[in-house]
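Below is one structure, written out as structure tokens, with a few remarks after it.
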Amino acid sequence: MDSRGVRPPLFVGTLGINGLHRFDESGAMTTAELNGLARKVVTLGSDTVLFSDFGRRLHILGKGPVVDGPPMLCEDHHTSPDGQHLAVLDVDQKVWVASGWSPGQPMQLVATAVGARKVACFDAALVFALDRDGVTEFATSSAGGAAIRYQGDGSELGSLAVSPTIVAAGSRNGSVHRWRRGIAAPIAIVRDHERRVDELAIDPDGRWLVAGDWNGRVLFIDTELSEATMEGARAATEAWGLSLEELVRSR
């Protein structure tokens, strides 16, 4: 639900079909015809979506026809959980942010993130960019403050999720890194997936981190279980006779 307690509709883009499906709360579906395939779809506000096509152009679909989105070629884009804040990583590795974006509204340049693959935000003040080795937190000019670097363990990272307290990244080898915001080293690394983790999400309360891999396996990780590094998790294994992964699965 959004800040007004209203449940927004669900939008789903389908590969191989030039359409975007909209499901309302009752489950009724309507389909908007597109001129190209939707590469990635995110909500923007309560009844609008922003999507990129395979030409890396951005488009907006509301209650009317599809219109052009921000005028840039997009590597990745993300909106905050309430759909009010938009972050875009362009093909030149520049990170942009806007609040309540509408056609014609300029976006604010935050930083150039060399090697970045993914971008995420949860408000207009902070934006996060993921590269293969870690995550960088950038403050917008209005918020001020220096960039913060969250360093991985050397595995190649490929997916990203953030909340006001958590930064998380999934790797190509199946591990999921979790950092407490403001602390450079991971507080936990869960190694439970056998294939690359390409999808991550954090529930609105910040309690559950959800990770999906290429095998279609979805893992729900309780973020309140461990505030230890992997060294601490190994010590817990010796004390409890349970691995961190087993403990997660048993919850």
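Output the residues belonging to region 90-116 that are surrounded by 16 or more Cβ atoms within 10 Å (Cβ to Cβ) and either touching a Lys or Arg at 6+ places or on another chain (Cβ under 7 Å) or farther than 24 Å from Ser163 by Cβ (or both).
Asp90, Gln93, Lys94
Keeping to region 198-251, report how many residues are at pLDDT below 65, buried (at least 16 other Cβ atoms within 10 Å of the Cβ) and either on the phi > 0 side of the Ramachandran plot or among the hydrophobic types (A, V, I, L, M, F, W, C) (or both).
The number of residues fulfilling the criteria is 6.
Spot the failing condition for Arg195; the list is (1) modelled with pLDDT of 80 or more; (2) touching a Phe, Trp or Tyr at 6+ places or on another chain (Cβ under 8 Å), and only one is missed.
(1)
Return a yes/no flag: does region 1-16 have any residue that is out of contact with any strand residue (DSSP E or B) (no Cβ under 8 Å at 6 or more places or on another chain), at pLDDT 70 or above and either of a type outside the set (Phe, Trp, Tyr) or assigned to a loop (DSSP other than H, G, I, E, B) (or both).
No: zero hits.
The values are calculated or read from the model by the stated rules, or taken from the named source; none is laboratory data. Keep in mind that this is a model prediction, so the values were computed, not measured. Quick reminder, even Gly has a Cβ in these numbers, built from the backbone with ideal geometry, and neighbours come from all protein chains shown.
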